[in-house]
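Engineer: Dropping a structure here in structure tokens format, bear with me for questions.
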Amino acid sequence: MSDSNYRRLVIISNRVAMPKAGGVPGGLAVGVLGALREHGGMWFGWSGELTNGSASDPEIIRRGNVEYATISLNEQDFEQYYNGYSNKVLWPVCHYLLDFIRYYADDFEGYRRVNSIFATKLKSLLKPDDLIWVHDYHLIPLAAELRSAGIENPIGFFLHVPFPSYEALRAIPGHEYLLRCMCAYDVIGFHTTGDLAAFQTCVREPIVGAEFLDKNRIKVPGGELIADVFPIGIDVDEVQQLAEEAQKLRQVQNMVKSLGGRELLIGVDRLDYSKGLTQRFLAYERLLEKYPNAQKVVTLMQIAPPTRTGVRAYDDIREELEQTSGRINGRFAETNWVPIRYLNKGVARKPLMGFFRNASVALVTPVRDGMNLVAKEFVAAQDPDDPGMVVLSSLTGAAQELTDAVIVNPYDRDDVADGIATAISMSIEERRERYESMMAILRKNDITAWRTRFVDALLNEE
Ligand code: ADQ
């Protein structure tokens, strides 16, 4: 046990995923909860509730070794900070999807205001020995706000999405402010070496004028920081156990029965334009055209619950997907077969892992993704004797680690269609070999490794 285990870990993210709150947790919540359950500590953030007045004081509940401290936010503040600058400006620029950027000065103001509110509310809960770990693009200015409020604890930041190179980042109003704010952290973590390199292109600019001291240490205005790569992982044993136990669930058995012996291709994503869902459906259509025999042997089940409803681009993608899946089903369906089962809702974690275990192929084809935990969970959920295969976008962080997946370019329909055909027809020996090598990587870079490496880096910065 390292020293860090004796220090309280305080994690801050936009949303706190309360136990049994329902809904589908995203990747950040799955990762943070995994890390916090092991280490113990406090998770601070938004409760999911909105108020007409000002933000509420923290409400604290304890479950096991984790304290959940949540605040409610004013409706307009939330709209501007979350739906506005965070998700209409930062999310698209971080995913290199500049056409989706919708900037409004009021949203930027709201983003700064809510970060200042987070700092004020959090300050009263902090103890001098706490290690502070801030998560994701919603809260980039938080360390700067905490420092202004007199907090001197070590503060780390982990970005769950990709970091854009300066040529993309400079497109957004406010980027100078964001870069200056990042200098207030002691440790900054990214998923991949590519993200780290992109960050370096930004801080090299005169606006920061960073000096690179050694491999990961950077001198910035006001001090030094460590910027490094910490690929997020999964709890491999938990996923394996859930997947095995789920075989007994009626929900899983009924789904398998309904396939009528066909091979299951599965996609599981939040309904987000970065996940490449329309392109995925079109690539699947290409598979059915190019390999007509596949029509008799495969079914695609796409599970995609809506997120960020109320943001125009998310409503649009939902409509587009309904139309595309409807058209493909209309074109190819038979009396006893529908090519795409499109579910617009989440599935609980255990049956989901059970679905993964019964699928022959996972389609993980985002047009950009920081890491992608679905790819990792799918591999861990497989039966080692007869494992399924992942068709994985080269534009995900996961592709840097899972090099034994079938790697494809999500923008190239033929490449994805051929990738699916390769995965379906792969020999059992080759699947087993690739599974073993991917599992070794998942075990090496698991959720414990992610958390301990980051917390140790933070501790070393004192
Ligand atoms: P997300 O964009 O949310 O995460 P991802 O990494 O795939 O993407 O994590 C999604 C998580 O939610 C997985 O654990 C998955 O099982 C679950 N999930 C997704 N859709 C679901 C559904 N329909 N029903 C039930 N469960 C579902 C962000 C970044 C990623 C990064 C993670 C973690 O965008 O790039 O990998 O954070 O850092």
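The values are calculated or read from the model by the stated rules, or taken from the named source; none is laboratory data. Nothing here was measured: the structure is a model prediction, and the numbers come from that model. Methodologically, a virtual Cβ is constructed for each residue, glycine included, from the backbone with ideal geometry; neighbour enumeration extends over all protein chains shown. What goes into the accessible areas is simple: the full protein's heavy atoms, side chains included, and nothing from ligands, DNA or RNA. Shrake-Rupley method; radii C 1.70, N 1.55, O 1.52, S 1.80 Å.
Engineer: Excluding the sites themselves, what is the longest stretch of the chain that contains no trypsin sites (Lys or Arg not before Pro) in a DSSP loop with at most 12 other C-beta atoms within 10 Å?
Structural biologist: 21-214
Engineer: Now for a separate question. Apply the Karplus curve 6.51 cos²θ - 1.76 cosθ + 1.60, θ = phi - 60°, to the phi angles in region 257-271 and return the couplings in whole Hz, x for Gly and Pro.
Structural biologist: Each residue's phi maps through the Karplus curve to give 4, 5, 6, x, x, 6, 7, 8, 9, 10, x, 9, 8, 5, 6 Hz.
Engineer: Moving on to the next point. Taking amide H positions as placed in the peptide plane 1.01 Å from N, state which residues far from G388 in sequence (5 or more) or on other chains have amide H under 5 Å from it.
Structural biologist: Amide H to amide H, under 5 Å and 5 or more residues apart or across chains, G388 pairs with D383.
Engineer: Cα-based Rg (one decimal) and Dmax (whole number) for the chain, in Å?
Structural biologist: Rg then Dmax for the chain, in Å: 22.2, 68.
Engineer: If you don't mind, another one. So how much accessible area does M255 have, in Å² to the nearest 10, using a 1.4 Å probe?
Structural biologist: Counting only protein heavy atoms, M255 exposes about 10 Å² to solvent.
Engineer: Just need the relative contact order of region 236-444 here, percent rounded to a whole number, with Cα pairs under 8 Å and 6+ apart.
Structural biologist: 25
Engineer: Which values of log₁₀ I(q)/I(0), to two decimal places, follow from the Debye formula for region 1-160 at q = 0.13, 0.15, 0.20 Å⁻¹ with a uniform point scatterer at every Cα?
Structural biologist: -0.61, -0.81, -1.41
Engineer: While we're looking at this one, here's another question. Taking the DSSP beta bridges in region 236-444 as the whole, what percent of them are antiparallel, to the nearest 5?
Structural biologist: If we restrict to bridges inside region 236-444, about 5 percent are antiparallel.
Engineer: Taking R0 as 30 Å, what's the FRET efficiency between D412 and R432 from their Cβ-Cβ distance, rounded to 0.05?
Structural biologist: 0.60
Engineer: Then there's this: For region 238-306 and region 180-215, what is the separation of their Cα centres, given in Å?
Structural biologist: 39
Engineer: For a quick check: with amide H placed at 1.01 Å from N, whose amide H comes under 5 Å from I188's, ignoring anything fewer than 5 positions away on the same chain?
Structural biologist: Excluding prolines and chain starts, which carry no amide H, the hits are F157, I226, A227, D228.
Engineer: Cβ under 11 Å from G346's Cβ, G346 left aside: what net charge do those residues give with Lys, Arg +1 and Asp, Glu -1?
Structural biologist: Around G346, the surrounding residues sum to +2.
Engineer: Each label point is 7 Å from the Cα along the Cα-to-Cβ direction; what then is the distance between the points at L98 and E320, in nm?
Structural biologist: Each label point lies 7 Å from its Cα, and together they span 1.8 nm.
Engineer: Now for a separate question. Hey, what does the equivalent ellipsoid look like for region 320-462, semi-axes from the Cα gyration tensor as sqrt of 5 times each eigenvalue, largest first, whole Å?
Structural biologist: 31, 18, 16
Engineer: With every protein chain kept in the model, how would you rank T120, T335 by accessible area, 1.4 Å probe, largest at the top?
Structural biologist: T335, T120
Engineer: Turning to a different aspect of this structure: Run the accessible area of region 234-384 with a 1.4 Å probe and give the carbon-and-sulfur part as a rounded percent.
Structural biologist: Answer for region 234-384 is 46 percent, counting heavy atoms of protein chains only.
Engineer: A further question on this structure: When all protein chains stay in place, what accessible area (Å², nearest 10, 1.4 Å probe) is found for V30?
Structural biologist: Its accessible surface works out to 40 Å², give or take rounding.
Engineer: State, to one decimal in nm, how far the label point of T120 lies from the label point of K257, with both points 7 Å from Cα in the Cβ direction.
Structural biologist: 5.8
Engineer: For the chain, what is the mean residue ellipticity at 222 nm derived from helices alone (per DSSP H run of n ≥ 4: -39500 (n - 2.57); sum divided by total residues; nearest 500 deg cm²/dmol)?
Structural biologist: Calculated mean residue ellipticity at 222 nm is -12500 deg cm²/dmol.
Engineer: When the chain is fully extended, how far beyond the present Cα-Cα distance does A105 get from R349, taking 0.36 nm per residue of separation?
Structural biologist: Between A105 and R349, full extension yields an extra 83.9 nm.
Engineer: Next up: Distance between Cα centroids, region 132-159 to region 337-385: provide it in whole Å.
Structural biologist: 34
Engineer: How high is the relative contact order of the chain, in percent, counting Cα pairs under 8 Å that sit 6 or more residues apart?
Structural biologist: That works out to 14 percent.
Engineer: Just to be sure I follow: if Rg is taken over the C-alpha atoms of region 117-262 and Rh is the Kirkwood radius over the same atoms, what is Rg/Rh?
Structural biologist: The Rg/Rh ratio comes out at 1.16.
Engineer: Let me ask something else about it. Just the C-alpha atoms of region 236-444: what Rg/Rh do they give, with Rh taken as the Kirkwood radius?
Structural biologist: Ratio value, two decimals: 0.93.
Engineer: For the pair E49 and E244, what calculated FRET efficiency results from E = 1/(1 + (r/R0)^6), where r is the Cβ-Cβ distance and R0 = 45 Å, to the nearest 0.05?
Structural biologist: 0.75
Engineer: First measure r as the distance between the Cβ atoms of K296 and N216, then evaluate 1/(1 + (r/R0)^6) with R0 = 60 Å and state the FRET efficiency to the nearest 0.05.
Structural biologist: FRET efficiency, K296 to N216: 0.70.
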